[in-house]
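*Asks:* Structure provided below as structure tokens; questions to follow.
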Amino acid sequence: MPPVFRASGHAMFSLIDTHAHLDQLEDIEGAVQRARAAGVAAIIAVGMNQFSNYHVYKLAREHRGYVYPAFGIHPWAIEKGELEDTFEFIRAHFGDCVAVGEIGLDYWIKKDKKIQQEVFCRLLEAAGEKGKPISTHSRGSYEDVFQLVQEYGIKEAVFHWYSGPLEIVERIVESGYFVSATPAVEYSEKHRAVIEMAPLENLLLETDCPVKYKDVKSEPATLEVTLREVAKLKKADPADVARITTENARRIFRL
């Protein structure tokens, strides 16, 4: 039986953190223990580069059946010197990951857009060939990321912490893709608008830890904040939000 989150001393929920940079936490083992105690039934640990992909791979082996790895190359972490080695690691370990991510484009940073696009397209092609879901980063590049995901025939995609145009949310939902909510849904107007618009059937919950929200560093155990705020925004029973988003996560990541 999976662990559950106990809210206000009575309701009990099972939750899945669908996007965590677990390897970046200072106290990883403590964070895993606290997540279990808080009712987090599984953690999707996403990679960013050669080092973090290997690290989340090790963490998943150490916490088999609880931590699940996703391997990727984050646009912030593109380093020409290690690209081929990173691609080779991802190709060699496709059977060990539940998704390709975190991958995507970021037009707010000073990284060559053409190189970002080349890396993203190579990863999309590989994910499509292997039938793997993807977890995308799309800051300032919402239209391009969506279009490329479509062009490469990706059937299962998560638009992580999506805060872009609502017309693209409509297309994400129509395509059967997902958007993921973070604790920023408590105060980010753009993120709130997206989560309010997307049906629960197209939503996932995440922390993106160790990101700070209101100066408080997150970890998987703080997924309860995301659940609480999504439930308030959607005017829904937290139990329903937990059940539906957890079912969504189990389905897309085949947990």
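*Asks:* Looking at region 211-232, I want the residues that are assigned to a helix (DSSP H, G or I) and have a partner that is among the basic types (Lys, Arg) with Cβ atoms under 8 Å, at least 6 apart or on another chain. Which pairs are those?
*Replies:* Matching pairs, first to second residue: Pro220/Arg34; Ala221/Arg34.
*Asks:* Let me ask you something else. Given the criteria of a type in the set (D, E, K, R) and either in a strand (DSSP E or B) or without any contact (Cβ under 8 Å) to a residue 40 or more places away in the chain (or both), does Glu167 qualify?
*Replies:* yes
*Asks:* Given the residues Phe120, Phe178, which is the only one that is out of contact with any Ser or Thr (no Cβ under 8 Å at 6 or more places or on another chain), surrounded by 22 or more Cβ atoms within 10 Å (Cβ to Cβ) and either over 25 Å from Ile16 (Cα atoms) or among the β-branched types (Val, Ile, Thr) (or both)?
*Replies:* Going through Phe120, Phe178 in turn, just one is out of contact with any Ser or Thr (no Cβ under 8 Å at 6 or more places or on another chain), surrounded by 22 or more Cβ atoms within 10 Å (Cβ to Cβ) and either over 25 Å from Ile16 (Cα atoms) or among the β-branched types (Val, Ile, Thr) (or both): Phe120.
*Asks:* Then there's this: Since Lys155 meets every condition but one in (1) under 16 Å from Lys190 (Cα atoms); (2) open to solvent by 40 Å² or more (accessible area, probe 1.4 Å), which condition does it not meet?
*Replies:* Among (1) under 16 Å from Lys190 (Cα atoms); (2) open to solvent by 40 Å² or more (accessible area, probe 1.4 Å), the lone unmet condition for Lys155 is (1).
*Asks:* In this structure, does Glu219 turn out to be among the acidic types (Asp, Glu), buried (at least 21 other Cβ atoms within 10 Å of the Cβ) and modelled with pLDDT of 95 or more?
*Replies:* Considered against the rule, which asks whether it is among the acidic types (Asp, Glu), buried (at least 21 other Cβ atoms within 10 Å of the Cβ) and modelled with pLDDT of 95 or more, Glu219 comes out as yes.
*Asks:* Against the definition (of a type in the set (Asp, Glu) and within 29 Å of Phe120 (Cα to Cα)), how does Glu29 come out, yes or no? Please lay out each step first, then the result.
*Replies:* Numbers: of a type in the set (Asp, Glu): yes; within 29 Å of Phe120 (Cα to Cα): no.
When the stated conditions are applied, Glu29 does not pass them.
*Asks:* Scan region 127-153 and report the pairs whose first residue is within 16 Å of Glu167 (Cα to Cα) and whose second residue is at pLDDT 95 or above and charged (D, E, K, R), with Cβ atoms within less than 6 Å and a gap of 6+ or a chain change.
*Replies:* Arg139/Asp106
*Asks:* Answer with yes or no whether Ala70 is more than 17 Å from Cys121 (Cβ to Cβ) and buried (at least 22 other Cβ atoms within 10 Å of the Cβ). If you could, list the steps in order and put the result at the bottom.
*Replies:* On the way: more than 17 Å from Cys121 (Cβ to Cβ): yes; buried (at least 22 other Cβ atoms within 10 Å of the Cβ): yes.
When the stated conditions are applied, Ala70 passes them.
*Asks:* Do the conditions hold for Val185, that is, is it at pLDDT 95 or above and touching a Lys or Arg at 6+ places or on another chain (Cβ under 7 Å)?
*Replies:* Taking the combined requirement at face value, the residue satisfies it.
*Asks:* Please verify whether Ser188 is surrounded by fewer than 19 Cβ atoms within 10 Å (Cβ to Cβ) and polar (S, T, N, Q), treating the condition exactly as stated.
*Replies:* yes
*Asks:* Right, next: Any residue in region 193-202 that is farther than 17 Å from Lys235 by Cβ, of a type outside the set (Phe, Trp, Tyr), open to solvent by less than 30 Å² (accessible area, probe 1.4 Å) and not in a helix (DSSP H, G or I)?
*Replies:* Looking through region 193-202, none of the residues is farther than 17 Å from Lys235 by Cβ, of a type outside the set (Phe, Trp, Tyr), open to solvent by less than 30 Å² (accessible area, probe 1.4 Å) and not in a helix (DSSP H, G or I).
*Asks:* Of (1) over 19 Å from the mean Cα position of the chain (by Cα); (2) of a type outside the set (Val, Ile, Thr); (3) surrounded by fewer than 17 Cβ atoms within 10 Å (Cβ to Cβ), Leu83 satisfies all except one. Which?
*Replies:* Unmet for Leu83, out of (1) over 19 Å from the mean Cα position of the chain (by Cα); (2) of a type outside the set (Val, Ile, Thr); (3) surrounded by fewer than 17 Cβ atoms within 10 Å (Cβ to Cβ): (3).
*Asks:* Look through Ala60, Ala77 and report the one residue that is surrounded by 17 or more Cβ atoms within 10 Å (Cβ to Cβ), hydrophobic (A, V, I, L, M, F, W, C) and more than 16 Å from Gly104 (Cβ to Cβ).
*Replies:* Ala60
*Asks:* Can you pull out the residues in region 86-104 that are over 20 Å from the mean Cα position of the chain (by Cα) and among the small types (Gly, Ala, Ser)?
*Replies:* Answer for region 86-104, where residues must be over 20 Å from the mean Cα position of the chain (by Cα) and among the small types (Gly, Ala, Ser): just Ala92.
*Asks:* Further, regarding this structure: Out of the residues in region 1-45 meeting the condition of being part of a strand (DSSP E or B) and at pLDDT below 95, tell me which one is farthest from Thr207 (Cα to Cα).
*Replies:* Checking each candidate, the answer is Ala11.
The values are calculated or read from the model by the stated rules, or taken from the named source; none is laboratory data. The model shown is predicted, which means the values in this text are computed figures rather than measured ones. Note: ideal-geometry Cβ built from the backbone for every residue, glycine included; neighbour counts use all protein chains shown. We work out accessible area using only protein heavy atoms, side chains counted, and drop any ligands, DNA or RNA first. Shrake-Rupley method; radii C 1.70, N 1.55, O 1.52, S 1.80 Å.
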